[in-house]
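What follows is a set of notes on a single structure, which appears directly below.
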Amino acid sequence: MKAGNTVLSGYGTTIFEVMSRLAEQHKAVNLGQGFPDGNGPAAVVEAAQRYLAEGWNQYPPMLGLPALRQAVATHARRFYGLDLDWQAEVMVTSGATEALAACLFGLLEPGDEVVLFQPLYDSYVPIIRRAGAIPRFVSLKAPGWSFSRADLETAFSDRTKLVILNNPLNPAGKVWTREELTLLAQAVEAHDAYAVCDEVYEHLVFDGRRHLPLMALPGMRERTLRIGSAGKTFSLTGWKVGYVSAAPALLQPVAKAHQFLTFTTPPNLQHAVAVGLGLGDHYFRELADRLQARRDRLSAGLAAAGLSVLPAEGTYFLTADVRGSGLDEDDAAFCARLTAEAGVAAIPVSAFFEQEAPRHLIRFCFCKAEETLDEAVRRLEGWFAARA
Ligand code: PMP
Ligand code: GLN
């Protein structure tokens with residue numbers, strides 16, 4: 001038999017799937033894969049049911065339903081002062097994952113270079129390589145996850161087509177500062193490149209921070225593709241509704257890729273997400289406040305159990321340094337052991353690195369019910385105490 005595609009067959013099953021199945025097998029509390037255990041805002045879920053029953057069940061337009069594209073443009077103006085033409089500059093996708101793939105397949109040529117910051121979400125590099133492009137990495141190091149102008153100068157070249165920015169950053173919980181975004185914007189402009197901005201956690205920023213899209217910085221409006229996800233904004237990760245916003249000249253090639261990847265996204269879900277994006281400020285504030293309280297709860301619990309927890313400014317995640325645990329094993333082995341023996345699943349942070357991976361950090365997801373977090377902490381405390 002002939003082999004499948006060599007780039008993709010070189011990858012194993014994603015760590016999120018692996019750890020969720022392992023958690024099931026061991027009946028572990030799953031703080032690995034990032035998904036909330038609630039059911040999302042009632043108004044949004046009810047709208048999805050209503051539109052389904054009313055017959056919104058056939059192919060919607062390829063770029064997305066006007067109602068959702070308008071809602072995405074209105075949301076961008078409301079939160080960030082961005083002025084988007086919903087007809088020419090907004091496209092609906094089947095999750096941020098598809099938006100990312102459409103951006104990369106739509107913009108990259110074989111031999112183009114792509115600048116990426118590690119740690120990085122696991123779908124970026126396989127798609128870049130499948131498109132025949134070459135990844136160039138900037139490694140951010142815990143606990144500050146910062147970088148310098150010199151790091152950017154090493155990674156960018158004349159062949160740089162685009163950079164991928166994930167802000168807020170999974171799994172580090174980093175929210176990029178205006179100064180960092182400005183440095184990046186200067187590099188993008190100097191190299192006549194684009195920026196694909198994965199901003200799926202835009203509403204999950206804590207301690208009074210405000211999300212600042214790279215697109216809102218001077219010179220970036222025409223160079224940036226901004227990606228959002230209803231999965232994160234409405235705690236409905238299984239829906240896989242995403243959106244990409246960009247100047248027409250950038251969006252057009254991306255739409256060419258989208259039409260051959262998925263073409264479209266379930267219409268009842270699109271209508272429901274349009275309802276969600278129109279919810280009052282209270283909804284968005286409450287979402288961030290709730291998640292911040294969960295972060296604090298899990299962080300305190302992990303610290304009490306004996307783990308050294310790093311700061312998390314945003315996202316669903318916090319990371320812990322396991323070097324003080326007394327176990328001399330890498331993060332992947334540690335997570336497997338924690339799942340099987342302590343009954344708590346986490347994700348090894350090395351899975352977010354292509355090179356120079358740290359081996360001492362693990363990621364916990366805190367977008368769970370308080371009881372779930374408390375049960376995880378109880379199990380960890382018991383397990384660590386038994387080993388002491
Ligand atoms: N980017 C990042 C950084 C993520 O954490 C996720 C997680 N799901 C995605 C993209 C994918 O989003 P979606 O489920 O909307 O495809
Ligand atoms: N984004 C989620 C996480 O980081 C996982 C998404 C997936 O399972 N592919 O946990």
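Please treat every number below as a calculation from the coordinates, not as lab data. Note that the coordinates shown come from a computational prediction; the quantities given were computed from them, not determined experimentally. Note that we place each Cβ from the backbone using ideal geometry, even for glycine, and neighbour counts take in every protein chain shown.
Would you please list the contacts, defined by Cβ atoms under 9 Å and residues six or more apart or on different chains, that run from a residue in the range 369-381 that is part of a loop (DSSP other than H, G, I, E, B) to a residue that is surrounded by 16 or more Cβ atoms within 10 Å (Cβ to Cβ)?
Sorted first by the residue in the range 369-381, then by its partner, the pairs are Ala369/Pro36; Ala369/Arg294.
Any idea how many residues of the range 1-40 are in contact with a helix residue (DSSP H, G or I) (Cβ under 8 Å, 6 or more places away or on another chain), within 16 Å of ligand 1 (Cβ to nearest atom) and aliphatic (A, V, I, L, M)?
Selection size over the range 1-40: 3.
Can you tell me which residue among Val241, Val254, Val273 is touching a Ser or Thr at 6+ places or on another chain (Cβ under 8 Å) and closer than 21 Å to Asp85 by Cα?
Selected residue: Val241, the only one of Val241, Val254, Val273 that is touching a Ser or Thr at 6+ places or on another chain (Cβ under 8 Å) and closer than 21 Å to Asp85 by Cα.
One line per residue, one yes/no per condition, for (1) more than 16 Å from ligand 2 (Cβ to nearest atom); (2) over 12 Å from Val344 (Cα atoms):
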{"residue": "Gly4", "(1), (2)": "yes, yes"}
{"residue": "Ser9", "(1), (2)": "yes, yes"}
{"residue": "Glu17", "(1), (2)": "no, yes"}
{"residue": "Ser20", "(1), (2)": "no, no"}
{"residue": "Glu24", "(1), (2)": "no, no"}
{"residue": "Lys27", "(1), (2)": "yes, no"}
{"residue": "Leu31", "(1), (2)": "no, no"}
{"residue": "Asn39", "(1), (2)": "yes, yes"}
{"residue": "Ala42", "(1), (2)": "yes, yes"}
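If we scan the range 138-158, do we find a residue that is part of a strand (DSSP E or B), closer than 30 Å to Gln259 by Cβ and of a type outside the set (Val, Ile, Thr)?
No, every residue in the range 138-158 fails to be part of a strand (DSSP E or B), closer than 30 Å to Gln259 by Cβ and of a type outside the set (Val, Ile, Thr).
Considering only the range 235-254, state which residues are under 15 Å from Leu100 (Cβ atoms) and either surrounded by fewer than 18 Cβ atoms within 10 Å (Cβ to Cβ) or not small (Gly, Ala, Ser) (or both).
Scanning the range 235-254 gives Lys240, Val241, Tyr243, Val244, Leu250, Leu251, Pro253, Val254.
With the structure loaded, tell me whether Ala230 is among the aliphatic types (A, V, I, L, M), surrounded by fewer than 21 Cβ atoms within 10 Å (Cβ to Cβ) and over 21 Å from Phe117 (Cα atoms) or whether it fails that test.
no
I'm checking my understanding of the structure. Among residues of the range 4-59 that are of a type in the set (Lys, Arg) and either in contact with a Gly (Cβ under 9 Å, 6 or more places away or on another chain) or over 28 Å from Tyr124 (Cβ atoms) (or both), which one is surrounded by the most Cβ atoms within 10 Å (Cβ to Cβ)?
Filtering first and then ranking leaves Arg50.
Looking for whichever is more than 16 Å from ligand 2 (Cβ to nearest atom), touching a residue at least 12 places away in the same chain (Cβ under 8 Å) and more than 30 Å from Val44 (Cβ to Cβ) here; the options are Ala332, Ala320, Ala304. Which one fits?
Ala304
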